[in-house]
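The values are calculated or read from the model by the stated rules, or taken from the named source; none is laboratory data. Please read these numbers as outputs of a predicted model, since none were measured by experiment. Please note: Cβ atoms are built from the backbone with ideal geometry, for glycine as well, and neighbour counts cover all protein chains shown.
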Amino acid sequence: MWLTIIAFAALGLHAAGVLAAMHAVMHARTAQGAFAWALGLVLLPYVTLVPYLFLGESHFSGYVDLHRQRQERRFVLCNGTEWPDRGAYLKRHAVANDERYSAIGNMLKTGMHGGHALTLLIDGEAAFASMFEAIARAEHYVLLQFFIIHDDELGRRLQTALLERAAAGIPVCVLYDSIGSHDLPRHYVARLRESGVQVHPFATRRWRNRFQLNFRNHRKVLVVDGYCGFVGGLNAGDEYLGLKPPLAPWRDTHIRIEGPAVADLYRSFAEDWDWVTGEQPPFRPPHEHCGNAQTMIVATGPADRQESCSLFFTQAIHAARERVWITTPYFVPDQSVFSALRLAAFRGVDVRVLIPCRPDHRTVFMASTLYAHEATLCGVRVFRYRPGFIHQKVMLIDSDTAVVGSMNLDNRSFRLNFEIASLNVDEAFAAEVEKMLTEDFANADEVNPEEYRRLPYLKRVALQVARMFDPVL
């Protein structure tokens, strides 16, 4: 009898595996992902069926419809009504068309604005000091979004800052990702809500998100009163201040923006907020003519019609004529981005990639090691940061362009996560970023192309196996 039950259970698992494989073939975002899932689900449903429930979903509706409708209509929400003159607003603040990045703007239906003051915030202490100062000065509203919020010392400092503004009668809206902040205790959120802070977890599905680990909102955004905004790689937790070994010290970067592009930071937050709550956050127009920098807010995600994050990196790398310096904690590029890096090196561009020497995710680190080796064979210089874990997501192009944001060079950022970055054209700001990165590279060891060949055979096999998981890394 038990043998019969086991046989029927095995048959049922294989049948479910076949059905799931058909779903993967029809809905996976890449051919490689479809093949990997289908093969595993058909041959080893006992191992792959449960992970597929968590990681295999590749499409979602609702949010997609909302996002694409707004992209087509090109509006920013303002106090419960459309802003019908947004097209004129963008035209009034757009700079002369920069052909290097116009394709990015056309893809995302956004524009590059002039008149910005930019502040480079190196590491957590400087970033959170500036963010707390801006929150304390808020007179009209605070809009805050993090992938991760921890109930630790920094998280409680953030909580106190938000509670103080709420006690002063200032509207405070907070979004956190429901998976990224999975260990955020209920009492942390309850205290905020009881004190008047509007706080909600982000999920792409309102009613069915229990088994959904894809489509995470990886954005880190703060907008205060419309006059300033922040974006970058930092979340709200003690590790981002370098207080948690063994990854300490933690190396990260944020940017403070003042000027017209703050309206696009607001737009990104407002769309997520409206999806989660059905309401619109308060709005005030940004200040004008705050400085000389030109800025484009690049908000990408799986709701876009194109694989916008991957295409953003591809176009930005193709635009380079002198150099491309990139820092990323995870170096698992797709073929288009990897090809762009290699072609840039072949045409004489100074291509450098800075990655960690310590892993926080072992499989990703192993895949990154293999990609680093292959990149060096094409003339790309790859460095491993020695002092601690490098988490910053920064790109420097030529002598005038710098990108600071939340985007990693991996499949999750390219296709599965909601991401955001600030693309800035300004020689003075780029010089600051160059100085910062020069110091980072000075604290790193360059990867030698011979390192891979010196590894034991089984280690090289393990690296190749790790790369096979690219679609879900």
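Summary of computed values
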quantity: Test: residue in segment 112-119 that is under 23 Å from Gly237 (Cα atoms) and modelled with pLDDT of 95 or more; calculated: yes
quantity: Any chance Leu154 is outside any strand (DSSP E or B), at pLDDT 95 or above and in contact with a His (Cβ under 7 Å, 6 or more places away or on another chain); calculated: no
quantity: Matching residues in segment 183-226 - criterion: being aromatic (Phe, Trp, Tyr), under 25 Å from Ser422 (Cα atoms) and either modelled with pLDDT of 95 or more or part of a strand (DSSP E or B) (or both); calculated: Phe202
quantity: All positions within segment 164-192 that are closer than 30 Å to Gly301 by Cα and exposed (fewer than 15 other Cβ atoms within 10 Å of the Cβ); calculated: His182, Asp183, Pro185, Arg186, Ala190
quantity: Matching residues in segment 272-292 - criterion: being modelled with pLDDT of 90 or more and either among the hydroxyl-bearing types (Ser, Thr, Tyr) or in contact with a Pro (Cβ under 7 Å, 6 or more places away or on another chain) (or both); calculated: Trp273, Thr277, Pro282, Pro286
quantity: Test result for Gly405, surrounded by 24 or more Cβ atoms within 10 Å (Cβ to Cβ) and of a type in the set (Gly, Ala, Ser); calculated: yes
quantity: Single condition Ser406 does not satisfy, out of (1) more than 22 Å from Tyr240 (Cβ to Cβ); (2) out of contact with any Ser or Thr (no Cβ under 6 Å at 6 or more places or on another chain); (3) among the small types (Gly, Ala, Ser); (4) touching a residue at least 12 places away in the same chain (Cβ under 8 Å); calculated: (1)
quantity: Residues being assigned to a loop (DSSP other than H, G, I, E, B) and surrounded by fewer than 22 Cβ atoms within 10 Å (Cβ to Cβ) - total across segment 356-392; calculated: 11
quantity: Any hit, segment 411-430, residues being among the aromatic types (Phe, Trp, Tyr) and in contact with a Lys or Arg (Cβ under 8 Å, 6 or more places away or on another chain); calculated: yes
quantity: Yes/no for Ala444 being more than 23 Å from the chain's Cα centre (by Cα), more than 16 Å from His361 (Cα to Cα) and surrounded by 13 or more Cβ atoms within 10 Å (Cβ to Cβ); calculated: yes
quantity: Test for Arg267: is it crowded, with 24+ Cβ neighbours inside 10 Å and basic (Lys, Arg); calculated: no
quantity: Filter result for the condition that a residue is free of Cβ contacts under 8 Å to residues at least 12 places away in the same chain and surrounded by fewer than 21 Cβ atoms within 10 Å (Cβ to Cβ), over Glu279, Glu307; calculated: Glu279
quantity: Test: residue in segment 243-264 that is among the aromatic types (Phe, Trp, Tyr), part of a strand (DSSP E or B) and not assigned by TED's automatic domain parsing to the domain that holds Cys357; calculated: yes
quantity: Any pair with Cβ under 8 angstrom, 6 or more apart, that starts in segment 449-461 at a residue that is in contact (Cβ under 8 Å) with a residue 60 or more places away in the chain and ends at one that is polar (S, T, N, Q) and surrounded by 12 or more Cβ atoms within 10 Å (Cβ to Cβ); calculated: Pro449/Thr376; Tyr452/Thr369
quantity: Sole residue being among the small types (Gly, Ala, Ser), part of a loop (DSSP other than H, G, I, E, B) and either farther than 17 Å from Phe331 by Cα or touching a residue at least 24 places away in the same chain (Cβ under 8 Å) (or both), chosen from Ser413, Ser422, Ser399; calculated: Ser399
quantity: Any pair with Cβ under 7 angstrom, 6 or more apart, that starts in segment 115-141 at a residue that is on the phi < 0 side of the Ramachandran plot and ends at one that is of a type in the set (Gly, Ala, Ser) and in a helix (DSSP H, G or I); calculated: Thr119/Ser130; Leu121/Ala127; Leu121/Ser130; Phe132/Ala161; Ile135/Ala161; Ala136/Ala161
quantity: Check on Leu423, within 19 Å of Val351 (Cα to Cα), modelled with pLDDT of 95 or more and surrounded by 24 or more Cβ atoms within 10 Å (Cβ to Cβ); calculated: yes
quantity: Residue within segment 338-354 that is surrounded by fewer than 19 Cβ atoms within 10 Å (Cβ to Cβ), without any contact (Cβ under 8 Å) to a residue 60 or more places away in the chain, in contact with a His (Cβ under 9 Å, 6 or more places away or on another chain) and not assigned by TED's automatic domain parsing to the domain that holds Leu118 present; calculated: yes
quantity: Residue within segment 166-175 that is assigned to a helix (DSSP H, G or I), in contact (Cβ under 8 Å) with a residue 24 or more places away in the chain, under 30 Å from Gly291 (Cβ atoms) and not assigned by TED's automatic domain parsing to the domain that holds Ala431 present; calculated: no
quantity: Selected residue (only one of Thr363, Thr327, Thr295, Thr314 is of a type in the set (S, T, N, Q), under 20 Å from Leu416 (Cβ atoms) and at pLDDT 95 or above); calculated: Thr314
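Per-residue answers, yes or no, for (1) in contact with a Ser or Thr (Cβ under 9 Å, 6 or more places away or on another chain); (2) outside any loop (DSSP other than H, G, I, E, B); (3) under 27 Å from Ala103 (Cβ atoms):
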| position | (1), (2), (3) |
| --- | --- |
| Phe230 | yes, yes, yes |
| Leu234 | yes, no, no |
| Tyr240 | no, yes, no |
| Ala270 | no, yes, yes |
| Pro282 | no, no, no |
